[in-house]
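Worksheet: the structure to be examined is printed underneath.
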Amino acid sequence: MRTVATFADVRKGDRGSVALVPTMGYLHEGHLDLISAARRSSDTVVVSLFVNPLQFNEDVDLAAYPQDLARDAALAEQAGADMLFAPPIEEMYAEQPLTSITVAGVGELMEGDHRPGHFDGVAVVVAKLLAGIQPDRAYFGRKDAQQLVLVTRLGADLSFPVEIIGRPTIRERDGLALSSRNIHLSEAERGAALSLSAGLAAAASAVEEGETDAATLEEIARARVDAEPGAHLEYVTLASQADASALPALEVPAFLAVAAGVGTTRLMDNVHIDRVDGTWVPDLGSRLDRPSILYGEA
């Protein structure tokens, strides 16, 4: 695997079909699943690693984001990447961008309410990666459900010749959705964090039993988080997979999203609900059978 720092060097290394896995680094098994899936589908797998300042609302949050280039390079290579694109800020933003991108509606609820401007920053960096690398496919996790909707619409609306592929959430052994932020949780906070996945699992069970009312499903998830003193709920919303709009009931493929603060760490999780052969089927992803590489050696 080669590590490169410019878009030009990425394009020089292309061969055959190209898959892109965009990341902000500090890789975990969720990222490795994306890389493995990309490896199975494409001739060249490019992993990008860039902590995008445009999508952070607070400088302290940006500064606290974990980074370890050597660790990430080793993990990306083991998972099958051909190239690691790790650009300096000067390559991505030689000057403060004057161009902004807003995917109307998609970024207004949920994360949009709590992180103003976040999705505009995501849209700009993803557009730059798709334009600069020109992949045939790009892989994103379903764990960031609203982001996946935004990226999919961005690609379609701007006619990028790329297929956006979403992959199921990977969870830790206890059900906590994998996130690089999990390393900041104390033992007590980790217990509180499990209320998010527990609430979503309870709502998923209700869907399997035939419940389709949004208010009912949201209340099932909300009750689990509200019952946990260490978790502070921000929102729980049933939204459309097509445009992230709030739904009154399960009437189109959807996701039930939840966000909460646990200590100083902000966590997000969701369950996608797909229509399969006329039946609503929740997708909670899969669980690891061992401790995550977030906490030790690969």
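The values are calculated or read from the model by the stated rules, or taken from the named source; none is laboratory data. A quick note: this is a predicted structure, and the numbers were derived from the prediction, not measured. Cβ sites come from the backbone with ideal geometry, for glycine too, and all protein chains shown count toward neighbours.
In the set Arg290, Arg222, which member is within 29 Å of Glu58 (Cα to Cα) and of a type in the set (Lys, Arg)? Give the steps one after another, and end with the answer.
On the way: Arg290 fails: within 29 Å of Glu58 (Cα to Cα).
Checking each option against the conditions leaves just Arg222.
Kindly indicate which of Ala81, Ala37, Ala63 is among the aliphatic types (A, V, I, L, M), over 20 Å from Ala177 (Cα atoms) and modelled with pLDDT of 95 or more.
Working: Ala37 fails: over 20 Å from Ala177 (Cα atoms); Ala63 fails: modelled with pLDDT of 95 or more.
It is Ala81.
Every residue in the stretch 266-281 that is part of a strand (DSSP E or B), surrounded by fewer than 19 Cβ atoms within 10 Å (Cβ to Cβ) and not acidic (Asp, Glu), please. Quick ask: steps written out before the conclusion?
Step one: of the stretch 266-281, the residues part of a strand (DSSP E or B) are 266-276, 279-281.
Still in the running and surrounded by fewer than 19 Cβ atoms within 10 Å (Cβ to Cβ): 266, 274-276, 279-281.
Matches in the stretch 266-281: Arg266, Arg275, Val276, Thr279, Trp280, Val281.
Could you look through the stretch 28-48, keep only residues that are without any contact (Cβ under 8 Å) to a residue 40 or more places away in the chain and in contact with a helix residue (DSSP H, G or I) (Cβ under 6 Å, 6 or more places away or on another chain), and pick out the one that is nearest to Phe85 (Cα to Cα)?
The residue in question is Val47.
What is the residue count in the stretch 107-118 for residues that are within 17 Å of the chain's Cα centre (by Cα) and assigned to a helix (DSSP H, G or I)?
The total comes to 4.
Read through the list (1) assigned by TED's automatic domain parsing to the domain that holds Arg266; (2) modelled with pLDDT under 95, then give the number of the only condition that Arg190 fails.
Of the numbered conditions (1) assigned by TED's automatic domain parsing to the domain that holds Arg266; (2) modelled with pLDDT under 95, the odd one out for Arg190 is (2).
Scan the stretch 81-103 and report the pairs whose first residue is more than 19 Å from Ala123 (Cβ to Cβ) and whose second residue is among the hydroxyl-bearing types (Ser, Thr, Tyr) and part of a loop (DSSP other than H, G, I, E, B), with Cβ atoms within less than 8 Å and a gap of 6+ or a chain change.
As it stands, the answer is none, since no pair meets every condition given.
Suppose we filter Gly105, Gly112 for residues that are surrounded by 13 or more Cβ atoms within 10 Å (Cβ to Cβ), at positive phi and out of contact with any strand residue (DSSP E or B) (no Cβ under 9 Å at 6 or more places or on another chain); which single one remains?
Details: Gly112 fails: at positive phi.
Just a single option satisfies the conditions, and that option is Gly105.
When you scan the stretch 57-106, how many residues do you find that are among the small types (Gly, Ala, Ser) and assigned to a helix (DSSP H, G or I)?
Total meeting the criteria: 7.
Hey, can you tell me all the residues within the stretch 30-56 that are among the acidic types (Asp, Glu) and not in a helix (DSSP H, G or I)? It would help to see each step written out before you state the result.
Residues of the stretch 30-56 among the acidic types (Asp, Glu): 33, 43.
Asp43 - this is the single residue of the stretch 30-56 that is among the acidic types (Asp, Glu) and not in a helix (DSSP H, G or I).
Out of Gly13, Gly25, report the one residue that is in contact with a strand residue (DSSP E or B) (Cβ under 6 Å, 6 or more places away or on another chain), among the small types (Gly, Ala, Ser) and either buried (at least 20 other Cβ atoms within 10 Å of the Cβ) or free of Cβ contacts under 8 Å to residues at least 40 places away in the same chain (or both). Break it down stepwise before answering.
Details: Gly13 fails: either buried (at least 20 other Cβ atoms within 10 Å of the Cβ) or free of Cβ contacts under 8 Å to residues at least 40 places away in the same chain (or both).
None of the other options fit; the residue is Gly25.
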